[in-house]
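A.B. asks: Here it is, the structure in full.
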Amino acid sequence: NKLEIVKDAYLLKRYALANEKPLLMDLAQVISQAPLRHMMTKMGFAMSAAMTNCGELGWVSDRQGYRYDMKDPATNAAWPLMPVSFQQLATFAAAEAGFDDFVPDACLINQYQVGASMGLHQDKNELDFNQPIVSVSLGVPAVFQFGGLTRTDKTLKIPLVHGDVVVWGGQSRLNFHGIAPLKMNTHPILGAYRYNLTFRKAG
Ligand code: MD3
Ligand code: FE
């Protein structure tokens, strides 16, 4: 069940459900080791999604700007190891979309509550744009906004539900994208939240 949204962007509907239980157990474990927090933007505003990371590198934002760091700035400890269930999901999903041998070194975990959103942006902090990005949606549904290579290009609106996996590479890798404000909702396991796992080869 693989849908090509635009060139080189593939939606694997409910792909993560086959491994739902280990995935959710491992998610809880990672969050207990590196708690979710609202990072600051360069401009001094708290981001509306709460974030944490696992893997060798974690995406961080503060008054200095955006970057990847090997340590959690909240504790100065290494980020939690990337669980095998996460690694396998990312590598298998990438292969399903035609990107062989994807080995992520970073997994950003975003937690959205009602009203939280992510404005249109490009992911440009990674070293190699030939590497794909794999994103896994869990919990409450959200509307993903997918634009073009300039901010003003019109956006496709794609509903993403629990278990959906999207693989972005090649021609879609630098497209603008965002998440519309989350509607009030509850998921039977995850409650009032949406979680997104974003796997990258950052270094
Ligand atoms: C399309 N997160 O953390 S993941 C992000 O649902 C981010 O939390 C969103 O965008 C979320 O940077 C969307 C989907 C995603 C990630 C990277 C992309 C879509 C992308 C890179 C290029 C094109
Ligand atoms: Fe992004």
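A.B. asks: Taking neighbour Cβ counts within 10 Å as the exposure measure, how do Lys21, Lys13 sort from fewest upward?
C.D. replies: Ranking Lys21, Lys13 by Cβ neighbours within 10 Å, fewest first, gives Lys21, Lys13.
A.B. asks: Would you work out which of Asn53, Ser172, Val161 lies farthest towards the positive end of the dipole of segment 2-200, given +1 charges on the beta-carbon of Lys and Arg and -1 on that of Asp and Glu, about the Cα centre?
C.D. replies: Val161
A.B. asks: Using a Cα-Cα cut-off of under 12 Å, which aspartates and glutamates could be cross-linked to Lys42, ignoring same-chain neighbours fewer than 8 residues away?
C.D. replies: Cα-Cα hits under 12 Å: Asp62.
A.B. asks: Using 29 Å as the Cα-Cα cut-off, could you pick out the over-long pairs in Lys21/Lys124; Lys21/Lys154; Lys7/Lys124; Lys2/Lys154; Lys13/Lys71; Lys124/Lys157?
C.D. replies: Too far apart for the 29 Å limit: Lys21/Lys124; Lys21/Lys154; Lys13/Lys71.
A.B. asks: Test of understanding: ordering Ser135, Ser32 by Cβ neighbours within 10 Å, fewest first, what list do you get?
C.D. replies: Ser32, Ser135
A.B. asks: Report the one residue of Tyr195, Leu36, Phe144 whose Cα lies farthest in the direction of the positive end of the charge dipole of the chain (charges on C-beta: Lys and Arg +1, Asp and Glu -1; origin at the Cα centre).
C.D. replies: Positive-end residue among those listed: Phe144.
A.B. asks: Assuming a viscosity of 1.567 mPa s and a temperature of 4 °C, what translational diffusion coefficient in µm² per second does Stokes-Einstein assign to segment 2-200, Rh being the Kirkwood radius over Cα pairs?
C.D. replies: 77 µm²/s
A.B. asks: Length gain on complete extension for the stretch Met25 to Lys154, per 0.36 nm per residue less the alpha carbon to alpha carbon distance?
C.D. replies: 42.6 nm
A.B. asks: Follow-up. Report, in whole Å, the centroid distance computed from the Cα atoms of segment 1-71 and segment 118-148.
C.D. replies: Cα centres, segment 1-71 to segment 118-148: 10 Å.
A.B. asks: Now a separate question. Quick check for me: using +1 on Lys/Arg Cβ and -1 on Asp/Glu Cβ, what's the dipole size of segment 2-200 about its Cα centre, in debye to the nearest 20?
C.D. replies: 720 debye
Read-outs throughout are calculated quantities, based only on the coordinates presented, and are distinct from any laboratory measurement. In this text, all values refer to a predicted model and were calculated from it rather than measured experimentally. Note: ideal-geometry Cβ built from the backbone for every residue, glycine included; neighbour counts use all protein chains shown.
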